[in-house]
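**Q** Okay, here's the structure, questions in a sec.
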Amino acid sequence: MSYSGWIIITGVLVGLTCGITGSLIVLRKTAMLADAISHTVLLGIVGAFLVTQSLNGLPMLIGASIVGILTAFLIETLNKQGVQKDASIGVIFTTLFALAVVLISTSIGKQVHLDTEHALMGEIAFVPWNRLVFRGIDLGPKAIWMLGSVLLISLVVILLFYKQIKISTFDHHFAILIGIPVTLIHYLITTLVSLATVASFNSVGAILVVAMLIVPGATAYLLSERLVHVIVLSGIIGALSALIGYYFAVKWNVSISGSMASATGLVFMLAFLFNPRDGLCIKLWRQLNSKG
Amino acid sequence: MHALEISNISVSYNKQPVLENISFTVAPGTLTGIIGPNGAGKSSLIKAILGLISKRSGEVKVYQKPLSKHKHLIGYVPQRNEVDWDFPINARDVVLMGRYRKIGFFKKSKKQDIEWADQCLAKVGMLDYAERQISQLSGGQQQRIFLARALAQDASIYLMDEPFAGVDAATEKAIIQLMKDWKANDKTVLVVHHDLQTVTDYFDHVLLLNKQCIQYGTTHHVFTHENLEKTFGGRVSFLNQATV
């Protein structure tokens, strides 16, 4: 596989994984939780390194999941104690992220080859060089394996708990009443988001991964009338944005991850303006017609 | 045997008492209207009974067993504004939710489940809208979808939170018809209701609530001008006395 081929596959996998899991949090109206988690997982990555002294995939995924759940838990605890929801998110995510930044600025940062800029922006161009070698056999870039596993886990979890996710997202109280463990489902989705974030982290970084998590879901939400369509379409839009973004990044010689994230915004704008059901243009058209 | 036994329910929110020591028992086959001013804790009472908000104290028994053992006997119609009506789902899928306990959470809905959902939709006059995305329905139609979901639960006790609020005449009729059917089948219904004019027409029992249980009993005995003044303070005087 060529160098650019790996980058394209990585981008598409990021788009699929983040798009699918992100659509769930858009539907649950907890999109800003994704913003928080995308930053706090950095603490999970550093923490995993401190414990295992390595930068292997599995400890990183576990560390990120733990910190992701911790983030959601702390935000909810503050909120229950009377702190406003958005303020709770702001307090928790900056504090945990700042802690990670402090740790990275010490000697640990040099050992993990992480710096804050890399953490924020990612660098998908380096992905093809960081390879998984097993018994001397080159199995391709590590990021592909990590993204592929997380995508598979997400699909299995969503398929398995589809009904529970659907009901608890639509009608929280009714879900409790018919015996759905709503808190468990909430943390399950939080975990999926954390996994998607950490797997995409190296490629697109903490800020741009938020675009991949939220924008495809928000776009699919405009275009679909069924939950399953939102999830699938969100994945497709994520992948498509990665392709469009890569094309323009090469054409204009600009940041690949930045271009991919911008593409999600572009696709969203198109859907917002031109979607045939209730896009802005069709609304204006109807208004004009009803007046005339 | 009592259908519902509520003892000493107290609820606080941010240390402010919302409900204080509510106790009453409900006989099967009765239609109870829960009446009280804004902020009296009517919705909170329903949610506390269902265990959806935490109680400071109190106990709920459903057909003589603790609620947790008999949860499947309870059907619930929440206030319409409590869910996101833009959610990507159609009417039939919402109704099917009422049957998920029977279907099982990890199994696909069978043909008879879908037929069951459609029967429930038909009973509230919404079968033609089964495939509609719920945001495309009017407020009254959305309320009827919730009713159909409650029907699909095939419960013994139904709790409804302001089902009559802001609905059209067709929906109002559908709700009244449903309550009559339920009563005829010895099912028990509790409804949070705010329109005092219709209380005597709709309900055979009334619970007057204002943080405390002012009184519970048959509409004939409880729904008196004197009791209403106790419940609403002086504010009831502007009401048409003839309806009371």
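The values are calculated or read from the model by the stated rules, or taken from the named source; none is laboratory data. What you see is a predicted model; the values in this text were computed from it and never measured. Every residue, glycine among them, receives a Cβ derived from its backbone with ideal geometry; neighbour counts consider all protein chains shown.
**Q** Could you go through segment B:124-131 and let me know if any residue there is assigned to a loop (DSSP other than H, G, I, E, B), more than 9 Å from chain A (Cβ to nearest Cβ) and closer than 22 Å to A:VAL228 by Cβ.
**A** For segment B:124-131, residues assigned to a loop (DSSP other than H, G, I, E, B), more than 9 Å from chain A (Cβ to nearest Cβ) and closer than 22 Å to A:VAL228 by Cβ: present.
**Q** Next question, about the same structure. For segment A:61-69, indicate whether the set of residues that are surrounded by fewer than 16 Cβ atoms within 10 Å (Cβ to Cβ) and among the hydroxyl-bearing types (Ser, Thr, Tyr) is non-empty. Full working, then the answer.
**A** Let us first name the residues in segment A:61-69 that are surrounded by fewer than 16 Cβ atoms within 10 Å (Cβ to Cβ), namely none.
No: zero hits.
**Q** Can you pull out every residue in segment B:27-75 that is more than 14 Å from the chain's Cα centre (by Cα), touching a residue at least 40 places away in the same chain (Cβ under 8 Å) and within 14 Å of B:LEU4 (Cα to Cα)?
**A** B:ALA27, B:PRO28, B:GLY29, B:GLY58, B:GLU59, B:VAL60, B:LYS61, B:VAL62, B:TYR63, B:GLN64, B:HIS72
**Q** Looking only at segment B:21-55, count every residue that is away from chain A (no Cβ under 14 Å), exposed (fewer than 15 other Cβ atoms within 10 Å of the Cβ) and in a loop (DSSP other than H, G, I, E, B) and tell me the total.
**A** Number satisfying all stated conditions: 3.
**Q** Okay, next question. For segment B:91-123, which positions are part of a loop (DSSP other than H, G, I, E, B) and either in contact (Cβ under 8 Å) with a residue 12 or more places away in the chain or at negative phi (or both)?
**A** So the first thing to find is which residues in segment B:91-123 are part of a loop (DSSP other than H, G, I, E, B), and the list is B:98-99, B:104-110.
B:GLY98, B:ARG99, B:PHE105, B:PHE106, B:LYS107, B:LYS108, B:SER109, B:LYS110 - these are the residues of segment B:91-123 that are part of a loop (DSSP other than H, G, I, E, B) and either in contact (Cβ under 8 Å) with a residue 12 or more places away in the chain or at negative phi (or both).
**Q** Do we have B:PRO88 as touching a residue at least 40 places away in the same chain (Cβ under 8 Å), farther than 27 Å from B:HIS193 by Cα and at the interface with chain A (Cβ under 10 Å from one of its Cβ atoms) here? Break it down stepwise before answering.
**A** Working: touching a residue at least 40 places away in the same chain (Cβ under 8 Å): yes; farther than 27 Å from B:HIS193 by Cα: yes; at the interface with chain A (Cβ under 10 Å from one of its Cβ atoms): yes.
Yes.
**Q** Does any residue of segment A:191-210 turn out to be in contact (Cβ under 8 Å) with a residue 24 or more places away in the chain, part of a helix (DSSP H, G or I) and within 14 Å of chain B (Cβ to nearest Cβ)? Full working, then the answer.
**A** Residues of segment A:191-210 that are in contact (Cβ under 8 Å) with a residue 24 or more places away in the chain, as a first pass: A:191-210.
Filter once more, so that each one left must be part of a helix (DSSP H, G or I): A:191-210.
Filter once more, keeping what is within 14 Å of chain B (Cβ to nearest Cβ): none.
Looking for residues that are in contact (Cβ under 8 Å) with a residue 24 or more places away in the chain, part of a helix (DSSP H, G or I) and within 14 Å of chain B (Cβ to nearest Cβ), one finds none in segment A:191-210, hence no.
**Q** On to the next question. Taking B:ILE9 as the residue in question, decide whether it is in contact (Cβ under 8 Å) with a residue 60 or more places away in the chain and crowded, with 19+ Cβ neighbours inside 10 Å.
**A** Working: in contact (Cβ under 8 Å) with a residue 60 or more places away in the chain: no; crowded, with 19+ Cβ neighbours inside 10 Å: yes.
When the stated conditions are applied, B:ILE9 does not pass them.
**Q** For segment A:249-266: of the residues being assigned to a helix (DSSP H, G or I) and surrounded by fewer than 18 Cβ atoms within 10 Å (Cβ to Cβ), which is nearest to the chain's Cα centre (by Cα)?
**A** First pass over segment A:249-266, keeping only residues assigned to a helix (DSSP H, G or I): A:249-252, A:256-266.
Pick out the ones that are also surrounded by fewer than 18 Cβ atoms within 10 Å (Cβ to Cβ) and you get A:250-252, A:265-266.
Numbers: A:VAL250: 24, A:LYS251: 26, A:TRP252: 26, A:GLY265: 15, A:LEU266: 18 Å.
Looking at residues that are assigned to a helix (DSSP H, G or I) and surrounded by fewer than 18 Cβ atoms within 10 Å (Cβ to Cβ), I get A:GLY265.
**Q** Restricting the first residue to segment A:175-190 and requiring it to be at positive phi and among the hydrophobic types (A, V, I, L, M, F, W, C), which pairs with a second residue that is crowded, with 21+ Cβ neighbours inside 10 Å and modelled with pLDDT of 90 or more meet a Cβ separation below 8 Å and a spacing of at least six or different chains?
**A** Final answer for the pair search is none.
**Q** Could we say that A:ILE237 is within 16 Å of the chain's Cα centre (by Cα), under 26 Å from A:VAL157 (Cβ atoms), modelled with pLDDT of 90 or more and assigned to a helix (DSSP H, G or I) here? I'd like the intermediate steps shown before the answer.
**A** On the way: within 16 Å of the chain's Cα centre (by Cα): yes; under 26 Å from A:VAL157 (Cβ atoms): yes; modelled with pLDDT of 90 or more: yes; assigned to a helix (DSSP H, G or I): yes.
Yes, satisfied.
**Q** Can you say whether A:LEU270 is under 21 Å from A:SER23 (Cα atoms), part of a helix (DSSP H, G or I) and free of Cβ contacts under 8 Å to residues at least 12 places away in the same chain, as far as the supplied structure shows? Spell out how you get there, then give the answer.
**A** Numbers: under 21 Å from A:SER23 (Cα atoms): yes; part of a helix (DSSP H, G or I): yes; free of Cβ contacts under 8 Å to residues at least 12 places away in the same chain: yes.
Answer is yes for this residue.
**Q** Let me ask something additional. Quick check on this structure: which one of B:ALA152, B:ALA184 is out of contact with any Leu (no Cβ under 8 Å at 6 or more places or on another chain), hydrophobic (A, V, I, L, M, F, W, C) and modelled with pLDDT of 90 or more?
**A** On the way: B:ALA152 fails: out of contact with any Leu (no Cβ under 8 Å at 6 or more places or on another chain).
Unique residue meeting the criteria: B:ALA184.
**Q** Something else: Out of segment B:91-114, which residues are buried (at least 20 other Cβ atoms within 10 Å of the Cβ) and more than 7 Å from chain A (Cβ to nearest Cβ)? If you could, list the steps in order and put the result at the bottom.
**A** Residues of segment B:91-114 that are buried (at least 20 other Cβ atoms within 10 Å of the Cβ), as a first pass: B:91-100.
B:ALA91, B:ARG92, B:ASP93, B:VAL94, B:VAL95, B:LEU96, B:GLY98, B:ARG99, listed by residue number.
**Q** Checking the conditions here, which among A:VAL112, A:VAL51, A:VAL102, A:VAL46 is modelled with pLDDT under 85 and over 15 Å from the mean Cα position of the chain (by Cα)? Write out each step before concluding.
**A** On the way: A:VAL51 fails: modelled with pLDDT under 85; A:VAL102 fails: modelled with pLDDT under 85; A:VAL46 fails: modelled with pLDDT under 85.
Sole residue among the options that is modelled with pLDDT under 85 and over 15 Å from the mean Cα position of the chain (by Cα): A:VAL112.
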